[in-house]
Amino acid sequence: MKVFLYLLLAIGAIFNGLGAFALIRFPDVYTRIHGATKCTTFGSIFSILAVVIYGFVKGGGEGGTLAIHALLALFFLLITNPTGSHALARGAHRAGVRPVGAVVDRLEEKE
Amino acid sequence: MRKWGAWATSAVFIYIVYLILTLWTGELGLWSLGELITGAVIALLGAIPLGNIVWKRGDVRLLQPHRWILFLFYLIGPFFFSMARANIDVAYRVITGRIKPGIVRFQPHLKTDFGRTLLANSITLTPGTLTVDVDDGTGEFYVHWIYVKNPEPRPEEVCGPFPTWARRIAE
């Protein structure tokens, strides 16, 4: 059981690390949003799943509260993360930031 | 009459979330009296600004329970699978730096606000694709794609089974 939880936490940590790495590697705001928010979401899902499973295994009022609060955090993270990313990307495009090295930009053709 | 119904539904949903948040806190079974009253007040206050907006364009069909079961199945099955695969793909691109970005346009033929929101959020949560804009009138999606395989893609090329599922769940 403990090994399984450590495995989940390790996957979460690796993807969070890759997300941070993507911020340095990628050239512009859009690709950085890909790296940062995506890898962070996947990393966070695994970290939170570890907490949820730990809470349910522990059981009782305390463990149950922990598990349910973590699940709620995951639920709202899954709603707010794409909304925030979309707002950032749309704002950047409206402010005139063009994607670096783009092969095609249909949105600019439209505007 | 419809207006009051919308407000009441929003209030009930906020109350349910509050009750889940405060499980196992009290002496009256699972909750305490104070939490129940606080939750009711918060639900009423929250429903006043929200109620009218959420159900504006007749998204009442979301209350049908089989859509919720479909949504949960979609979240655990096809969505999680696509996300895991795309995550590994983007991890590879982070390490090698091999990208070919661009903003592509496609038409998934979704009509309701909720269907569009579900598809846009699914696309944005999947690594490698990011919804930049949705045309309110025509329903066309503008998606930033980290590795453009085809500048005039069909919806399935960009986001796999998501449009079919969005239609199944929301329309």
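The values are calculated or read from the model by the stated rules, or taken from the named source; none is laboratory data. All values derive from a computational prediction rather than experimental measurement. Backbone-built Cβ (ideal geometry, glycine too); neighbour counts: all protein chains shown. Side chains are part of the model used for accessible areas, which takes the heavy atoms of the whole protein and leaves out ligands, DNA and RNA. Shrake-Rupley method; radii C 1.70, N 1.55, O 1.52, S 1.80 Å.
Which members of region B:56-71 meet the condition of being open to solvent by 100 Å² or more (accessible area, probe 1.4 Å), away from chain A (no Cβ under 14 Å) and at pLDDT below 90? Reasoning before the result, please.
Taking region B:56-71 as the starting set, the residues that turn out to be open to solvent by 100 Å² or more (accessible area, probe 1.4 Å) are B:56-57, B:66, B:68-69.
Going one step further and asking which of them are away from chain A (no Cβ under 14 Å), we end up with B:56-57, B:66, B:69.
Result: B:56, B:57, B:66.
Take region B:126-157 and flag every residue that is in contact with a Pro (Cβ under 9 Å, 6 or more places away or on another chain), open to solvent by 10 Å² or more (accessible area, probe 1.4 Å) and within 12 Å of chain A (Cβ to nearest Cβ).
Hits for region B:126-157 are B:140, B:145, B:147.
Test residue B:70 against the criterion of being outside any loop (DSSP other than H, G, I, E, B) and under 17 Å from the mean Cα position of the chain (by Cα), and give yes or no.
Working: outside any loop (DSSP other than H, G, I, E, B): yes; under 17 Å from the mean Cα position of the chain (by Cα): yes.
When the stated conditions are applied, residue B:70 passes them.
If I ask for residues that are open to solvent by 80 Å² or more (accessible area, probe 1.4 Å) and either acidic (Asp, Glu) or not in a loop (DSSP other than H, G, I, E, B) (or both), which ones from region B:13-48 would you list? Walk me through it before giving the result.
Of region B:13-48, the ones open to solvent by 80 Å² or more (accessible area, probe 1.4 Å) are B:16, B:24, B:27-28, B:33, B:37, B:44-45, B:48.
Hits for region B:13-48 are B:16, B:27, B:28, B:33, B:37, B:44, B:45, B:48.
Scan B:92, B:74 and give me the residue that is surrounded by 14 or more Cβ atoms within 10 Å (Cβ to Cβ) and among the aromatic types (Phe, Trp, Tyr). Let's see the steps before the verdict.
Working: B:92 fails: surrounded by 14 or more Cβ atoms within 10 Å (Cβ to Cβ).
Of B:92, B:74, the one residue that is surrounded by 14 or more Cβ atoms within 10 Å (Cβ to Cβ) and among the aromatic types (Phe, Trp, Tyr) is B:74.
Which numbered condition trips up residue A:62, out of (1) more than 9 Å from chain B (Cβ to nearest Cβ); (2) more than 27 Å from residue B:97 (Cα to Cα)?
Of the numbered conditions (1) more than 9 Å from chain B (Cβ to nearest Cβ); (2) more than 27 Å from residue B:97 (Cα to Cα), the odd one out for residue A:62 is (1).
Mind counting the residues in region A:84-106 that are within 21 Å of residue A:36 (Cβ to Cβ) and either over 25 Å from the mean Cα position of the chain (by Cα) or more than 7 Å from chain B (Cβ to nearest Cβ) (or both)? Lay out the reasoning, then the answer.
First pass over region A:84-106, keeping only residues within 21 Å of residue A:36 (Cβ to Cβ): A:84-95, A:97-102.
Okay, now just the ones that are also either over 25 Å from the mean Cα position of the chain (by Cα) or more than 7 Å from chain B (Cβ to nearest Cβ) (or both), so A:84, A:87-88, A:91-92, A:94-95, A:97-98, A:100.
Final tally of qualifying residues: 10.
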